[in-house]
Structures are given as C-alpha cells and as structure tokens.
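Data block below; observations after.
The values are calculated or read from the model by the stated rules, or taken from the named source; none is laboratory data. These figures come from a predicted structure and were not determined experimentally. Quick reminder, even Gly has a Cβ in these numbers, built from the backbone with ideal geometry, and neighbours come from all protein chains shown.
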Amino acid sequence: MGENEREPQPGGPYADHRVPLVHQELSGYAVGIAPILDDGKNIDQSGLGSGTCIRVAGRFFVATAAHVIMGRPYNQNFILTPKTGQWSLRIVKGGLRGGGPRDELDVGWLELHGRAAGNAGRHFLDVTRIRTHCIGDEDLVVIGSPQQHQERWREEDGTPVLKANAGWWPTRGILDRRDLAEDVDSNRKIFLKWPGRREGHNGEWYEYPEPLGISGGGVWATNFSQTPWRPEFLQLVGIEYAVQRGPPDRYLRAFQMQVWLEMLREDAPELAKHIDPILAAGRFQIK
C-alpha cells in the first residue's frame, strides 16, 4: 500500500517555471490517512483523508481534520506515502477537537515515532513556516487526495494497494458574505473558492475535482509577490475540512492555523515555548 503524487495539470494559472517547484515542495509534506479495519490487515480505502507533516522541536506530527481520524484509536490510522509499507508508520499519540456535523471545530493531529517519520519518505515542515490568521486575500493553493483521483487494486497475493494521487489546486479566499451560505468567520476560518472548472493561462479550461478525500489537506499561501521567488516562501496557513455547495458556487472551508496550534499547545504543553512565538506573531506574511 502506498501513495503517488499526481502531476500538476498543464495549462493551470501558474503554468510557468514555478509549477514544478511548487509541486515538488508541497507534495513532500502531503500524506494520505486511512482507517485500519477491525481485522488489522486491511485499510478502509473508501475512508481516505489527507494530512500535512509538521515538525515541532524534533517531534513529528501530521495535521489533519478531526473527522478524518475520529471514532477509533489513533494508532488505527494508516499513513500513506510513496514509501509506506504494510503498517510501517507507527503512530504514538493523537488528539482532536470536534469533527461532528454540529461541532464548532474540526482539527486533529497524529504523532509519529521518530523512526517511523524517518521511514516515511516525507519532509516535515518546520513549525516556523506556519502562518496564522490568514483570511485568504491572496494567492493560495489546496493540496489533498480527491477520491476520484485515487487508484485501487490488489496484488496477486491479495494485498490491497491504494494510490492516493495527491494534487494541488490554486484558489483564493472568499471575503464577501454575499458569496457564502453563512457568516464570514474571519477570526478562525478561510473560505476558499472551488469552482467546477477554471480557465488556464493558455485559454484552456480544466476541471476542479469533487473535494471528497481532500479533508485534512493543507492550505498554503504562495507568496508569489516575492522576487526572486523560492519554494521555501510557501507558508502553511490552513487545514481544509468541509465543502459547501453554494450559493452561488461550491466552496471549501478551512481552519486557520492558529486553531491547530492552540490545540497542539493544550495537548502537549511542553511544546508551548516553540508554539507561543508563532501565535504571538499574528499574521506574519513574508515581505
């Protein structure tokens, strides 16, 4: 069982020299998360969500949405990467807030054993590259594993294989209440445009997938205004958790990263000295 990254779509709005750099950088932090079934030998391939690898003070976390990991012991979640072997990535702890349809929050975390993190074939984003209080009035991208892009089969010996095919899509935040089916919560959330399709730089149109499976995936600020631009200017600003189908168009919801950091600080207070400076900085954007 494992995961492949989906190639960036040609003709997108960023179809220039930055596209492969963005793809290489973001895909290195992205993972899939799937429930391990009761028999302990298989995963629920229909229950795949997404996550982002983060490093805080030498510890290795996966940030995701609560509903992706709720309802089972934390070590009954399977982390998918291109190097994932059967049950090879040991989860040692976890935590979440909310996740139910009426809950105010929907954020969660898993912690990997150091050896497992080393075997994951992923990069772990340093916590200093997280930016809080982003409302989305800039170029953003969402990365995750839409269900319609996932591939499933079984090897000759019956071993199930799941390729999550994580991809990323450009978007911007929605700031006008008239474009939402709810009040704007700019203190905690980002509301993200998610059209059915979008015109690329070459005049061709390309499709945005149904977002099922993207839940828990990262929302990143590109900071493309920086000249010269470098991949390390990408900042993690949110965690996607839900889709709303209008009016007038469907859009995604994400929690700003201070919500996730505050949860982790409460659950692991020994990390406070590493998290507090980021929370105190507020909306720190690269200038």
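The residues of region 127-139 that are surrounded by fewer than 23 Cβ atoms within 10 Å (Cβ to Cβ) and not β-branched (Val, Ile, Thr), listed by number, are 129, 133, 137, 138, 139.
Within region 200-218, being touching a residue at least 60 places away in the same chain (Cβ under 8 Å) and among the acidic types (Asp, Glu) holds for 204, 210. Do we find a residue being in contact with a helix residue (DSSP H, G or I) (Cβ under 9 Å, 6 or more places away or on another chain) and of a type in the set (Gly, Ala, Ser) anywhere in region 246-255? No, region 246-255 contains no residue that is in contact with a helix residue (DSSP H, G or I) (Cβ under 9 Å, 6 or more places away or on another chain) and of a type in the set (Gly, Ala, Ser).
Screening residue 272 on (1) surrounded by fewer than 19 Cβ atoms within 10 Å (Cβ to Cβ); (2) of a type outside the set (Asp, Glu); (3) in contact (Cβ under 8 Å) with a residue 60 or more places away in the chain shows it passes everything except condition (3). Residue-level analysis places residue 190 outside the set of residues that are β-branched (Val, Ile, Thr), assigned to a loop (DSSP other than H, G, I, E, B) and within 19 Å of residue 106 (Cβ to Cβ). Pairs linking a residue in region 142-155 that is within 15 Å of residue 217 (Cβ to Cβ) to a residue that is of a type in the set (D, E, K, R) and modelled with pLDDT of 75 or more, with Cβ atoms under 8 Å and 6 or more positions apart or on different chains, are 142/240; 144/240; 146/210; 147/210; 148/210. Contact annotation: residue pairs with Cβ atoms under 8 Å, 6 or more positions apart or on different chains, pairing a residue in region 118-130 that is in contact (Cβ under 8 Å) with a residue 40 or more places away in the chain and of a type in the set (A, V, I, L, M) with a partner that is surrounded by 21 or more Cβ atoms within 10 Å (Cβ to Cβ) and assigned to a loop (DSSP other than H, G, I, E, B), are 120/81; 120/84; 120/89; 125/29. Filter region 81-124 down to the residues that are within 15 Å of the chain's Cα centre (by Cα), part of a loop (DSSP other than H, G, I, E, B) and either at pLDDT 90 or above or among the acidic types (Asp, Glu) (or both) and list them by number. Hits for region 81-124 are 122, 123, 124.
Selection of region 94-136 for residues being of a type in the set (Asp, Glu) and more than 14 Å from residue 239 (Cβ to Cβ) yields 103, 104, 111, 126.
Close contacts from region 230-257, counting a first residue that is in a loop (DSSP other than H, G, I, E, B) and a second that is among the hydroxyl-bearing types (Ser, Thr, Tyr), with Cβ to Cβ under 8 Å and a gap of 6+ residues or different chains, come to 234/222.
Conditions tested, residue by residue: (1) in contact with an Asp or Glu (Cβ under 7 Å, 6 or more places away or on another chain); (2) closer than 20 Å to residue 105 by Cα; (3) not charged (D, E, K, R).
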site	(1), (2), (3)
174	no, yes, yes
183	no, yes, no
215	yes, yes, yes
222	yes, no, yes
252	yes, yes, yes
257	no, yes, yes
263	no, yes, yes
277	no, no, yes
